[in-house]
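Participant: This structure is in structure tokens; I'll ask about it shortly.
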Amino acid sequence: MLTTDHLEAKSACLRLPHAALKPLSQVVSIQRRQSILFVTSEISDYVKAGGLGEVSAALPRALRHHYDVRILIPGYRQVLSQIGPVDVIAHLPGAFGIPPCSIGYGRTKDGLTVYVVLCSELYDREGSPYGDDAGRDWDDNDIRFARLGLAAADIACGKGDPLWRADLLHLNDWPSGLTSAYLSWRGQHIPTILTIHNLAYQGLFERDRLPRLGIPDAAFDINGVEFHGKLSFLKAGIYYSSHITTVSSTYAHEITRPEFGCGLDGLLRTCADQGRLDGIINGIDDSWDPSKDPSLVSPFTAGNWRGKRANATHVRRSFGLALSQGPLFAVVSRLVHQKGVDLAISAASTIVSQGGQIAVIGRGEERFERALRELAMHHPGSVGVRIGYSEQEARRMYAGSDFLLMPSRFEPCGLSQMYAQRFGSLPIAHKTGGLADTIEDGVNGFLFGEPSLRRFIDAIERGLEAFKSRVRLKAMRQAAMNRPHGWDRSASRYREVYERACRVAAAA
Ligand code: ADP
Ligand code: GLC
């Protein structure tokens with residue numbers, strides 16, 4: 001809570017570039033809202049590798065009416081080239097092997113505050129947030145994301161912005177995992193929520209990196225940051241954060257079992273037993289509206305989807321497919337083992353032999369990219385593949401397709417199936433994680449119980465059957481499009497988690 005002194009100090013500093021001159025009454029009412037620092041390695045306004053970027057853009061916006069929520073992100077080239085003017089508001093010293101950085105203050109187009117960690121030697125590179133264009137992780141990712149974590153800890157306690165400090169930090173995945181550890185080692189008791197978007201990415205590094213990251217030797221322990229002889233950023237986040245969330249209820253249960261726990265199931269079971277683990281499903285934002293999405297070739301609604309056909313024709317043309325009346329299947333995915341790309345490739349001949357067509361967009365592991373190119377060569381006119389990613393093309397594919405193939409081996413939440421549903425394309429998906437929580441089998445999509453080719457093909461056959469009945473297809477499409485997909489309910493669950501974490505911290 002703010003004291004009068006704090007307010008006066010704020011008024012005295014009003015010459016800083018980002019301080020809007022407001023009447024004191026307004027300043028007071030703004031400042032009564034709690035301050036949340038949302039720490040992330042991706043935000044789709046500027047850069048994303050997958051769903052984390054989309055959630056990082058949408059969730060803070062869903063919460064901004066209730067909190068003063070601000071984003072912290074590394075100053076990658078893509079961020080700095082798009083964010084517009086950034087005011088430098090602080091310089092933070094280096095520590096251990098972590099170089100110094102500055103903190104930039106910027107705003108998204110719709111006025112969300114973004115703090116940017118400015119450190120060109122770490123972030124000014126061609127490539128994704130995590131690696132080069134060939135998909136190789138950067139060698140200094142430990143330093144790059146320790147820099148993010150340390151900056152977060154500094155901003156939280158007022159060293160980054162003289163006008164602001166955080167009541168709570170919301171961390172996301174391993175890149176921000178060290179934040180809560182740094183806070184704990186410094187004796188700063190600010191509540192921290194860590195959201196696990198994907199337990200399979202843990203940020204593992206060799207033990208010899210400890211000194212350069214300022215990690216005390218005593219913390220390299222099973223009760224600390226150690227994971228089978230390595231340093232794990234994600235484990236640090238789980239161990240030191242006040243509360244853990246993940247992105248669906250089913251995944252929250254799954255990760256407490258050895259099969260899905262990636263070696264952290266024991267620790268996560270303890271969190272669950274202590275009431276420190278919750279599953280909160282992601283939403284999708286309002287831009288996913290087929291009646292007014294400017295990316296689409298033609299708009300449509302749940303009541304009138306003539307426009308869907310125009311999008312299908314566009315997809316067929318742009319993927320070199322024959323102009324058929326048969327079912328069109330889409331794959332929009334990172335091309336990695338998790339997503340069951342191999343299963344989709346193996347199922348292709350069944351689909352094609354029954355008059356179906358497949359359009360694939362994505363990039364990822366080279367072996368899958370190669371296999372997909374070969375698949376397209378074997379089925380000219382029936383399978384079209386584009387290696388790469390374009391948001392506009394992806395939206396047209398969700399809009400134009402009849403089915404989305406999503407045979408993920410595991411799926412913490414999954415956004416693609418919700419985008420597809422919203423655009424009247426029925427997902428055919430493995431019953432796991434968020435797919436199990438968002439798809440009702442035979443109602444708004446199709447689910448299969450184990451990630452085997454046989455079960456997947458069974459589900460595809462059921463889809464093909466439904467396609468033959470106009471009445472059934474119409475009912476399922478409408479159910480999918482009308483399913484509530486927004487952020488409201490999930491945002492209020494995050495509010496409950498925030499409030500609980502603040503209460504627990506205040507009582508400690
Ligand atoms: P994940 O985050 O595991 O990739 P999600 O279903 O949560 O899975 O989110 C996928 C989102 O990322 C969708 O919006 C999809 O269109 C997009 N996407 C898919 N492939 C790529 C890619 N290669 N690069 C960037 N975004 C992608
Ligand atoms: C991860 C998960 C995906 C989830 C996304 C956003 O990338 O793989 O299932 O939807 O994060 O939370």
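The values are calculated or read from the model by the stated rules, or taken from the named source; none is laboratory data. Since we're looking at a predicted model, the values are computed, not measured. A quick note on method: Cβ atoms are made from the backbone with ideal geometry, for glycine too, and the neighbour counts reach across all protein chains shown. Surface accessibility is based on the protein's heavy atoms, side chains included, excluding ligands, DNA and RNA. Shrake-Rupley method; radii C 1.70, N 1.55, O 1.52, S 1.80 Å.
Participant: In the stretch 35-46, what count of residues is obtained for those that are surrounded by fewer than 19 Cβ atoms within 10 Å (Cβ to Cβ) and assigned to a strand (DSSP E or B)?
Facilitator: 1
Participant: While we're on this one: Give GLY97, GLY53 a once-over and let me know the one that is open to solvent by 30 Å² or more (accessible area, probe 1.4 Å), of a type outside the set (Phe, Trp, Tyr) and either under 15 Å from the mean Cα position of the chain (by Cα) or within 26 Å of LEU210 (Cβ to Cβ) (or both).
Facilitator: Details: GLY53 fails: open to solvent by 30 Å² or more (accessible area, probe 1.4 Å).
That would be GLY97, the only listed residue that is open to solvent by 30 Å² or more (accessible area, probe 1.4 Å), of a type outside the set (Phe, Trp, Tyr) and either under 15 Å from the mean Cα position of the chain (by Cα) or within 26 Å of LEU210 (Cβ to Cβ) (or both).
Participant: Residue check: is PRO129 touching a strand residue (DSSP E or B) at 6+ places or on another chain (Cβ under 9 Å), in a helix (DSSP H, G or I) and closer than 25 Å to GLU411 by Cα?
Facilitator: Against the criterion (touching a strand residue (DSSP E or B) at 6+ places or on another chain (Cβ under 9 Å), in a helix (DSSP H, G or I) and closer than 25 Å to GLU411 by Cα), PRO129 does not qualify.
Participant: Output yes when any residue across the stretch 165-175 is open to solvent by 10 Å² or more (accessible area, probe 1.4 Å) and closer than 18 Å to TYR239 by Cβ, and no when none is.
Facilitator: yes
Participant: Further question on the same structure: I want to confirm something. Restricting to the stretch 319-340 and keeping residues that are within 16 Å of ligand 1 (Cβ to nearest atom) and not in a loop (DSSP other than H, G, I, E, B), which single residue is nearest to SER408 (Cα to Cα)?
Facilitator: Selected residue: LYS339.
Participant: For GLY266, are the conditions met, namely being without any contact (Cβ under 8 Å) to a residue 12 or more places away in the chain, away from ligand 1 (no atom under 16 Å from the Cβ) and under 26 Å from GLU450 (Cβ atoms)?
Facilitator: So GLY266 passes the test.
Participant: Among (1) within 16 Å of ligand 1 (Cβ to nearest atom); (2) under 19 Å from HIS197 (Cβ atoms), where does ARG493 come up short?
Facilitator: (1)
Participant: In the stretch 341-389, which residue that is within 16 Å of ligand 2 (Cβ to nearest atom) and in a loop (DSSP other than H, G, I, E, B) is surrounded by the fewest Cβ atoms within 10 Å (Cβ to Cβ)?
Facilitator: The extreme case among them is GLU365.
Participant: When you look at GLU374, is it under 22 Å from the mean Cα position of the chain (by Cα) and either in the same structural domain as ILE457 (by TED's automatic domain parsing) or modelled with pLDDT of 95 or more (or both), yes or no?
Facilitator: Values: under 22 Å from the mean Cα position of the chain (by Cα): no; either in the same structural domain as ILE457 (by TED's automatic domain parsing) or modelled with pLDDT of 95 or more (or both): yes.
Judged against the criteria, GLU374 is not a match.
Participant: I need the strands (runs of 3 or more DSSP E) fully contained in the stretch 401-463, keeping only those with at least 3 residues that are in contact with a helix residue (DSSP H, G or I) (Cβ under 7 Å, 6 or more places away or on another chain) and open to solvent by 20 Å² or more (accessible area, probe 1.4 Å).
Facilitator: Working: elements: 403-406, 426-430, 446-448.
It comes to none.
Participant: I'm trying to understand the selection: among the residues of the stretch 468-484, which are assigned to a helix (DSSP H, G or I) and either surrounded by fewer than 20 Cβ atoms within 10 Å (Cβ to Cβ) or touching a Phe, Trp or Tyr at 6+ places or on another chain (Cβ under 6 Å) (or both)?
Facilitator: Those that are assigned to a helix (DSSP H, G or I) and either surrounded by fewer than 20 Cβ atoms within 10 Å (Cβ to Cβ) or touching a Phe, Trp or Tyr at 6+ places or on another chain (Cβ under 6 Å) (or both): LYS468, ARG470, VAL471, ARG472, LEU473, LYS474, ALA475, GLN478, ALA479, ASN482.
Participant: What residue, of PHE410, PHE403, is within 29 Å of ILE280 (Cβ to Cβ) and more than 13 Å from ligand 1 (Cβ to nearest atom)? Spell out the reasoning first.
Facilitator: Numbers: PHE410 fails: more than 13 Å from ligand 1 (Cβ to nearest atom).
Residue meeting the stated conditions: PHE403.
Participant: Another question about this same structure. Give the residue, chosen from PHE220, PHE260, that is touching a residue at least 60 places away in the same chain (Cβ under 8 Å) and open to solvent by less than 40 Å² (accessible area, probe 1.4 Å).
Facilitator: Residue meeting the stated conditions: PHE260.
Participant: Only one of (1) buried (at least 19 other Cβ atoms within 10 Å of the Cβ); (2) modelled with pLDDT of 95 or more is not met by TRP305, so which one is it?
Facilitator: Of everything listed in (1) buried (at least 19 other Cβ atoms within 10 Å of the Cβ); (2) modelled with pLDDT of 95 or more, TRP305 misses just condition (2).
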